[in-house]
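First up is the structure itself, then whatever we jot down about it.
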Amino acid sequence: MISSNKGGFEIMINWINETLEKVDKKLSRTSVIYKDFIPSSIDENGKFTTIYEKSPAGWTNGFWGGLMWLMYTKTNKDCYLEAAKSNEKMLDKAFEYTETLDHDNGFRWEITSGRSYEHTGDKDSRKRLMLAANMLVGRYNPLGDYLVAWSQKDRQGWAIIDCMMNLPLLYKASEISEYERFKEIAIKHADKTMKHHIRPDGSSNHIVVYDTKTGEYVESLGGQGMDANSSWSRGQAWAVYGFALSYKHTKNQEYLDTAKKVAHYFIANVSITDYIPKTDFRSPDEPDKRDTSAGLIAAAGMMEIAEHVPEYEKDIYVKHAYNLVKAIVDKYADWTEEYDGIIKNGMIQYKSPSPTYLPYGDYYLADALYRLKEYFEK
């Protein structure tokens with residue numbers, strides 16, 4: 001356990017439960033107001049806006065539905081179930097964009113249709129998940145053993161660290177269909193990512209470019225970080241969580257070791273910034289750019305790691321996951337009715353001019369909090 005101090009435990013558990021009550025109270029309200037809506041950002045008046053009409057296949061469009069499914073599975077409230085089902089059906093329009101749907105199908109359908117099928121057995125959800133998985137498999141380059149990111153012709157050799165979080169779609173497709181090809185492709189991509197994205201110190205490249213004919217490494221690009229040799233914190237968080245999930249589905253010890261290595265790098269960096277991650281860990285102190293979403297994703301990923309390590313190792317991941325969530329909530333959560341979202345100060349990328357609301361920030365807040373709650377209740 002984290003501490004022998006019983007009072008300290010009680011303080012932590014009480015804070016987690018109180019925060020989840022606030023999350024539930026706020027989302028119970030917004031889930032009804034935005035039942036047939038897919039939030040993507042927030043306007044100057046604090047109200048949700050959407051890109052759904054212009055971009056039904058936008059990569060963030062699964063997070064609201066995913067959050068609704070997550071809240072329903074934890075609370076059994078009808079308001080979440082109704083919003084989750086509505087959002088899942090709205091995402092059907094994204095399937096029409098066959099030439100532009102990219103590597104992010106897991107973010108669209110694993111956390112929506114995947115969770116729906118797991119908890120309800122809905123046959124339409126299963127169809128959506130399998131269609132999304134087959135489309136993701138279509139991005140696999142067998143000459144290089146990687147899944148291609150995005151759909152532009154000049155990016156055919158590009159792979160990104162984010163894709164580690166889309167592999168669970170393929171693992172789940174193999175589990176429910178009993179076709180191993182989905183899992184085999186996920187493993188090929190994870191192996192390639194482990195070799196070329198993760199640096200010896202535990203930091204990660206965001207974009208790696210491969211030769212499309214041979215699969216040989218060509219170069220690394222800066223992507224959403226400061227530059228090619230920097231350390232975009234949300235990319236680190238995707239790696240922490242993504243490799244931990246790949247271990248969960250494969251039991252390949254190298255994946256767990258990689259998740260731990262990146263997590264230790266993440267912990268070392270946030271420990272000197274009061275647990276609010278810099279948008280890029282290797283950026284100057286000024287301007288001071290922080291990304292709350294990176295911290296919440298990493299916290300949820302650390303809790304996944306804690307599920308798979310021996311008892312004496314769990315404390316480090318649980319302690320720092322708690323510290324990340326608490327620091328971010330205490331400073332950046334908004335529980336008022338005037339503001340539709342919960343977590344503020346997300347940064348889309350290092351070069352963004354200012355912080356904003358990010359829908360995945362709220363999703364991973366709930367994810368991390370429920371993981372913490374369940375850990376302490378064991």
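The values are calculated or read from the model by the stated rules, or taken from the named source; none is laboratory data. From a predicted model like this one, the values you see are computed outputs, not experimental measurements. Note that we place each Cβ from the backbone using ideal geometry, even for glycine, and neighbour counts take in every protein chain shown. Only protein heavy atoms, including side chains, enter the accessible area calculation; ligands, DNA and RNA are left aside. Shrake-Rupley method; radii C 1.70, N 1.55, O 1.52, S 1.80 Å.
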Inset, instruction - Within the range 133-161, track down each residue that is part of a loop (DSSP other than H, G, I, E, B) and either out of contact with any strand residue (DSSP E or B) (no Cβ under 7 Å at 6 or more places or on another chain) or modelled with pLDDT of 95 or more (or both). - result: GLY138, ARG139, PRO142, LEU143, GLY144, ASP145, VAL148, ALA149, SER151, GLN152, GLN156, GLY157
Legend entry - Residue among GLY341, GLY346 that is open to solvent by less than 60 Å² (accessible area, probe 1.4 Å) and without any contact (Cβ under 8 Å) to a residue 60 or more places away in the chain: GLY346
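Please find, within the range 13-24, the residue that is farthest from GLU338 (Cα to Cα) out of those that are over 23 Å from the mean Cα position of the chain (by Cα) and without any contact (Cβ under 8 Å) to a residue 24 or more places away in the chain. Full working, then the answer.
First, the residues of the range 13-24 that are over 23 Å from the mean Cα position of the chain (by Cα): 13-15, 18.
Still in the list and also without any contact (Cβ under 8 Å) to a residue 24 or more places away in the chain: 14, 18.
Values: ASN14: 26, GLU18: 20 Å.
Step by step, filter the range 13-24, then rank; the result is ASN14.
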Legend entry - Unmet requirement for SER40, which otherwise passes all of (1) in contact (Cβ under 8 Å) with a residue 40 or more places away in the chain; (2) surrounded by 16 or more Cβ atoms within 10 Å (Cβ to Cβ); (3) under 19 Å from ALA132 (Cα atoms): (3)
Legend entry - In the range 6-37, residue modelled with the lowest pLDDT [restricted to those that are open to solvent by 90 Å² or more (accessible area, probe 1.4 Å) and more than 30 Å from SER55 (Cβ to Cβ)]: LYS6
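Test of understanding: among ARG181, ARG199, which residue is open to solvent by 20 Å² or more (accessible area, probe 1.4 Å) and either within 20 Å of the chain's Cα centre (by Cα) or farther than 25 Å from ILE297 by Cα (or both)? Walk me through it before giving the result.
On the way: ARG199 fails: either within 20 Å of the chain's Cα centre (by Cα) or farther than 25 Å from ILE297 by Cα (or both).
So the residue among ARG181, ARG199 that is open to solvent by 20 Å² or more (accessible area, probe 1.4 Å) and either within 20 Å of the chain's Cα centre (by Cα) or farther than 25 Å from ILE297 by Cα (or both) is ARG181.
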Inset, instruction - Please specify each residue of the range 284-308 satisfying the condition of being in contact with a Lys or Arg (Cβ under 9 Å, 6 or more places away or on another chain) and open to solvent by 10 Å² or more (accessible area, probe 1.4 Å). - result: ASP285, ASP288, LYS289, ARG290, GLU307, HIS308
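Quick check: is even one residue across the range 276-286 without any contact (Cβ under 8 Å) to a residue 24 or more places away in the chain and over 30 Å from LYS344 (Cα atoms)?
Residues of the range 276-286 without any contact (Cβ under 8 Å) to a residue 24 or more places away in the chain: 284-286.
Then drop every residue that is not over 30 Å from LYS344 (Cα atoms), which leaves none.
Within the range 276-286 (the criterion being without any contact (Cβ under 8 Å) to a residue 24 or more places away in the chain and over 30 Å from LYS344 (Cα atoms)), the answer is no, since none of the residues qualifies.
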Inset, instruction - Assess whether MET130 counts as being open to solvent by less than 10 Å² (accessible area, probe 1.4 Å) and either closer than 26 Å to ASP367 by Cβ or not in a loop (DSSP other than H, G, I, E, B) (or both). - result: no
Inset, instruction - Examine the range 63-77 for a residue that is farther than 23 Å from LYS331 by Cβ, free of Cβ contacts under 8 Å to residues at least 24 places away in the same chain and open to solvent by 70 Å² or more (accessible area, probe 1.4 Å), and state whether such a residue exists. - result: yes
Legend entry - Residue in the range 247-260 that is assigned to a helix (DSSP H, G or I) and among the acidic types (Asp, Glu) present: yes
Inset, instruction - Please determine, by comparing only the residues of the range 354-368 that are over 13 Å from ASP24 (Cα atoms) and of a type in the set (Ser, Thr, Tyr), which one is most open to solvent (accessible area, probe 1.4 Å). - result: SER354
Inset, instruction - Hey, can you tell me all the residues within the range 184-196 that are of a type outside the set (S, T, N, Q) and either out of contact with any Asp or Glu (no Cβ under 8 Å at 6 or more places or on another chain) or surrounded by 23 or more Cβ atoms within 10 Å (Cβ to Cβ) (or both)? - result: GLU184, ILE185, ALA186, ILE187, HIS189, ALA190, LYS195, HIS196
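With closer than 30 Å to TRP150 by Cβ and basic (Lys, Arg) as the only criterion, which of LYS77, LYS89 stands out?
Working: LYS77 fails: closer than 30 Å to TRP150 by Cβ.
Of LYS77, LYS89, the one residue that is closer than 30 Å to TRP150 by Cβ and basic (Lys, Arg) is LYS89.
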